[in-house]
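Working notes, beginning with the structure itself.
The values are calculated or read from the model by the stated rules, or taken from the named source; none is laboratory data. Not measured: the values here are computed from a predicted model. Neighbour counts run over all protein chains shown; Cβ positions are idealised from the backbone, glycine included. To get the accessible areas, we keep the full protein, side chains included, count just its heavy atoms, and leave off ligands, DNA and RNA. Shrake-Rupley method; radii C 1.70, N 1.55, O 1.52, S 1.80 Å.
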Amino acid sequence: MKKYGDILNAKSRSEWVALINEWVHNEIDRQMLIRHLLDGIHLEPLAEEFDLSTVQTQKRVDLAKKQLFKHV
């Protein structure tokens, strides 16, 4: 099974941004996913950045990842 790093490195950043913009339909979830997956921001700083709890952030990122990776 491939790791996220291997999967992410298979495409350019611009390709990932285009895919995230296409398949993640909530603006905040898109921004969070880009910051987390492509910029490497961990969940706690991400939660602070978006003024959410770490649990809420984890759930939103997980759902956005699930949506995205259905189409990759």
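Of note:
- Segment 1-69 - accessible surface per residue (Å², probe 1.4 Å): 67
- Principal-axis tilt of helix 13-23 within the chain, Cα atoms, nearest 10 degrees: 70
- Descending by average beta-carbon neighbour count within 10 Å, the peptides 29-38, 58-67, 8-17 line up as 29-38, 58-67, 8-17, the highest first.
- Ellipticity estimate at 222 nm from DSSP helix runs (n ≥ 4, -39,500 (n - 2.57)) divided over the chain, nearest 500: -18500 deg cm²/dmol
- Portion, in percent, of the accessible area of the chain that falls on carbon or sulfur, probe 1.4 Å: 51
- Backbone phi angles across segment 62-69, fed through the Karplus curve with coefficients 6.51, -1.76 and 1.60 (θ = phi - 60°), yield HN-Hα couplings of 4, 5, 5, 4, 4, 4, 5, 6 Hz in residue order; Gly and Pro are listed as x.
- Cα-based convex hull, the chain, per residue volume (Å³, whole number): 86
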